[in-house]
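To start, the structure itself, in structure tokens.
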Amino acid sequence: MFLDRFKSFKSYKTETTPCRIKLSSNENPFDLPQWLKNKIGEEVKNIPFQRYPDPTSKELKEVIADFYGVKPENLVLGNGSDELIQLLTIIIGNPDQPVMYPVPTFPMYQVSADIVGKKKIEFPLDENFQLSREKIDEALEKKPVLAFFASPNNPTGNSFDRELIKYVADRGVFTVVDEAYIDFSDKEDFISESLKRENLVVLRTMSKIGLAGIRLGTLIAREDIAMEIDKTRPPFNITYPTQVIGKIVLSEGRDEIKRQVEIIKKERDKLLSELGKIDGIKVYPSDANFVLIKVHDGDALHRALIEKGILVRNMSHLPYMENCLRISVGKPEENEIFINVLKELVG
Ligand SMILES: *Cc1c(COP(=O)(O)O)cnc(C)c1O
């Protein structure tokens, strides 16, 4: 009775079938180098585990601010950007004011709105998975207070039209630009816009560039806005180990991360071009660390790939994603195996 609201609620699901090659969660395929892990080991050993962590994450924030070229006062840290998405859904506007986001997109916007009990305005992307002014205008008529745009978008891989995102912010909607995949894109980011405006914030995450395991997301906003949002976050949401590890990796490991990101971008482009040569597969452009393909029978191919030890994300069941599979960029040798197996199965 207390939880009746959740009887038909579907929680966020990911693929967990164990497979030799995991290309399903848009993680960085490369682990940290051993020298960096040794360093982390030393520092983690010295953590006073009986103590609460620094509630302000002061030292970590200084390193992250430097990483993004902003000030520590511009940041709010989250236990993954998932936590920040949920926090924004709770705090922006009143409970009766709706949230807008395009579909298909990252499911957490919908999941968060449903948990909080906010109304959702879902509007479709066009046939190229791009935002359309017309659909945005229709959504705006329903008076949303909050908008989410993942750009580059997950699961489609493309970046959205900047001007249309700014257009939504110009209409007075609190606009969240989720840049989880921006490290793999050559397009301009929204950081400078977020520092100018009172109703536009940027989300970043360490998850796609090598630290999915420590859960560390960042919100970037104007100082006054960041300060208000920061008041509403759980006080010790960034664990002691996360603060210690994040600080080391983003300072001493920075070059290594940049090196890995460059390899992933090259591998993505290679994957796009190889996939483009296979008959019977439609490949969508990607600015991210994954590629989206449409095939004849998505469920069957997904199953066949698992039998060959390769796990990709089956998107077939989502609206507008019929027979689509999402493939995260793996290590060079994994991508090669994937392409060869795919040719075998589809050809
Ligand atoms: C993966 C992803 C996230 C989640 O990030 P965490 O920091 O791991 O919670 C956020 N937004 C988008 C669009 C994503 O694809």
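Only residues in the range 166-184 that are over 24 Å from SER286 (Cα atoms) and among the small types (Gly, Ala, Ser) count as the first member; pair them with residues that are modelled with pLDDT of 95 or more and within 16 Å of the ligand (Cβ to nearest atom), Cβ under 6 angstrom, at least 6 apart or cross-chain, and list the lot.
As it stands, the answer is ALA169/THR175, since those pairs meet every condition given.
Counting only residues that are assigned to a helix (DSSP H, G or I) and of a type outside the set (Gly, Ala, Ser), which one in the range 168-190 is surrounded by the most Cβ atoms within 10 Å (Cβ to Cβ)?
Result: ILE182.
In the range 48-80, what residues are within 16 Å of the ligand (Cβ to nearest atom) and over 17 Å from MET227 (Cα atoms)?
PHE67, TYR68, ASN79, GLY80
Which numbered condition in (1) of a type in the set (D, E, K, R); (2) over 26 Å from LEU250 (Cα atoms); (3) within 15 Å of the ligand (Cβ to nearest atom) is the only one that ASP178 fails?
(2)
Scan the range 13-28 for residues that are surrounded by 10 or more Cβ atoms within 10 Å (Cβ to Cβ), in a loop (DSSP other than H, G, I, E, B), more than 14 Å from the chain's Cα centre (by Cα) and within 15 Å of the ligand (Cβ to nearest atom) and jot them down.
GLU15
Can you tell me which residues in the range 123-149 are farther than 23 Å from SER286 by Cα and free of Cβ contacts under 8 Å to residues at least 12 places away in the same chain?
Selection gives GLU134, ASP137, GLU141.
Could you please find all residues in the range 116-164 being among the β-branched types (Val, Ile, Thr) and closer than 21 Å to GLU198 by Cα?
Matches in the range 116-164: ILE136, VAL145.
Would you mind finding the one in SER273, SER286, SER316 that is more than 23 Å from PHE67 (Cβ to Cβ), in contact with a His (Cβ under 9 Å, 6 or more places away or on another chain) and hydroxyl-bearing (Ser, Thr, Tyr)?
Of SER273, SER286, SER316, the one residue that is more than 23 Å from PHE67 (Cβ to Cβ), in contact with a His (Cβ under 9 Å, 6 or more places away or on another chain) and hydroxyl-bearing (Ser, Thr, Tyr) is SER316.
Of the residues GLU43, GLU83, which is outside the structural domain of PRO234 (by TED's automatic domain parsing) and either under 20 Å from the mean Cα position of the chain (by Cα) or of a type in the set (Asp, Glu) (or both)?
The conditions single out GLU43.
Conditions: (1) out of contact with any strand residue (DSSP E or B) (no Cβ under 7 Å at 6 or more places or on another chain); (2) more than 30 Å from ALA169 (Cβ to Cβ); (3) of a type outside the set (Val, Ile, Thr). SER112 meets all but one. Number of the miss?
That leaves (2) as the condition not met.
Report those helices (runs of 4 or more DSSP H) wholly inside the range 29-117 carrying at least 2 residues which are surrounded by fewer than 15 Cβ atoms within 10 Å (Cβ to Cβ).
It comes to 34-45, 58-68.
With respect to GLU333, is the statement that it is in the same structural domain as THR17 (by TED's automatic domain parsing) and surrounded by fewer than 20 Cβ atoms within 10 Å (Cβ to Cβ) true?
Yes; evaluated as a whole, the condition is true for this residue.
Give the residue that is farthest from the ligand (Cβ to nearest atom), with candidates limited to residues of the range 150-165 that are surrounded by fewer than 24 Cβ atoms within 10 Å (Cβ to Cβ) and without any contact (Cβ under 8 Å) to a residue 60 or more places away in the chain.
Only one residue tops the list, namely GLU163.
The values are calculated or read from the model by the stated rules, or taken from the named source; none is laboratory data. Just so we're clear, the structure is a prediction, and the values are computed from it rather than from any experiment. Neighbour counts run over all protein chains shown; Cβ positions are idealised from the backbone, glycine included.
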